[in-house]
Amino acid sequence: MTKTKKIVAKNKRPYRIFVLSFNLILNPNLQSMLAFNLHPIFKARGITNPFTFLVKNGLTYRSASNVLNNSAASCKFAHIEKLCILLNCDISDLFHWAPDNGVVYPENFPLKLLKRDAEEEQLTDNLVSLPYKEFKAATRSFLKNDDPQ
C-alpha cells in the first residue's frame with residue numbers, strides 16, 4: 001500500500017513524498033516486464049565500461065545509471081534515439097520483455113517479439129570463443145550472404 005507523508009521544506013512549501021511499504025518493494029509482480037537489454041549489445045560492441053561510454057556520449061550520470069540498472073521510471077525519446085545511434089541498433093534491440101508468470105498471452109501479442117531466449121544471450125560468448133580461423137570463415141560467410149549482389 002502506498003503511503004504519503006506531508007513534509008514542509010525550508011522555504012515553507014509543503015510537498016508530498018510517496019513512501020512505498022516494504023510489501024510493495026519486495027513484491028516481484030510490481031517489477032516492470034519491459035526492461036532495457038543493453039548489456040549483450042555492449043558486450044557485442046566491445047564496450048567494457050558501459051557507464052563511462054554513456055556519460056561520455058551525453059547521458060547524465062543519473063540517466064546512465066538508471067538505464068543500466070533498469071531503474072528508470074521513464075526514458076526520454078532522445079535517449080532512446082541516442083542509444084540506437086551509438087550502438088548501431090534497432091529500437092527493438094534495446095528492450096527485453098519478460099511475461100508475467102501464469103499469464104497466458106495471445107500468440108500474436110506484439111511484445112512477444114521482444115522476448116529473448118538464453119541462446120540469443122550467449123551469441124557473443126560463442127563468437128568470442130571461436131578459434132580465429134573459424135571466426136574469419138564465419139565472418140566471410142556472413143559478409144558473402146549480406147552482399148546485395
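The values are calculated or read from the model by the stated rules, or taken from the named source; none is laboratory data. Predicted model only: the values in this text are computed from it and were never measured. Cβ placement follows ideal geometry from the backbone for every residue including glycine, while neighbour counts extend to all protein chains displayed.
Things to note:
- SER65 meets all of the listed conditions (1) closer than 17 Å to ALA35 by Cβ; (2) exposed (fewer than 14 other Cβ atoms within 10 Å of the Cβ); (3) modelled with pLDDT of 80 or more but one, namely (2).
- If you go through the stretch 125-135 and keep only what is charged (D, E, K, R) and modelled with pLDDT under 80, you end up with just ASP125.
- Qualifying residue in the stretch 14-24 (condition: at pLDDT below 70, assigned to a helix (DSSP H, G or I) and not aliphatic (A, V, I, L, M)): yes
- HIS39 meets all of the listed conditions (1) in a helix (DSSP H, G or I); (2) more than 10 Å from the chain's Cα centre (by Cα) but one, namely (2).
- Residue that is modelled with the highest pLDDT [pool: residues in the stretch 71-102 that are of a type in the set (Phe, Trp, Tyr) and farther than 19 Å from PHE53 by Cβ]: PHE77
- Options THR52, THR48: the member that is at pLDDT 85 or above, within 28 Å of SER129 (Cα to Cα), hydroxyl-bearing (Ser, Thr, Tyr) and loosely packed, with under 10 Cβ neighbours inside 10 Å: THR48
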